[in-house]
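**Student:** Here it is, the structure in full.
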Amino acid sequence: MAAIDKIYGTNHEYDEFRTWIYEHRKSYLKYFYPQNQGYERKEPRPICNMPLKADQWLFQNCPLLWVRERILEQYDGEP
C-alpha cells in the first residue's frame, strides 16, 4: 500500500510543495524524497510518502489544489 500514499508531481511542484511544508509543518519534511538537482527525472516523479495523519492535515490545510486532488484520488474521497 505504500505506493498509493505517494504524492507525485513535477520538479516545480516538488519545490512549491516542499517550500510550503517548510513554512507550515517542518516535521513533515522527513517524508520527502531527495531532490536530485542536476539530474533530469521523468515527470511526474514521487515527491513524498506521507502517513494518513499527515494526509488528513494536508487535506484540511494545504492551499495547493493539486495536492488535495491527489489525496482525494488516493483515498477515493477524503482521508
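**Student:** On C-alpha positions alone, give me the angle between the axis of helix 65-75 and the longest principal axis of the chain, in degrees, nearest 10.
**Tutor:** Between the helix axis and the principal axis of the chain, the angle is about 60 degrees.
**Student:** If each residue of separation counts as 0.36 nm, what is the full-extension length gain between GLU23 and GLN56 once their alpha-carbon separation is subtracted?
**Tutor:** Full-extension gain reported as 10.1 nm.
**Student:** Kirkwood Rh over Cα pairs of segment 2-75 into Stokes-Einstein at 37 °C, 0.692 mPa s: D in µm²/s?
**Tutor:** Rounded, D is 264 µm²/s.
**Student:** Starting from 0.36 nm per residue, how many nanometres of slack lie between ASN36 and TYR75 once their C-alpha separation is accounted for?
**Tutor:** 11.2 nm
**Student:** Show the residues, 5+ positions off or on another chain, whose built amide H is closer than 5 Å to the amide H of ARG45.
**Tutor:** GLY9, THR10
None of the figures in this text is laboratory data; all of them are computed from the coordinates on show. Fair warning: this is a prediction, and the values are worked out from it, not measured in the lab.
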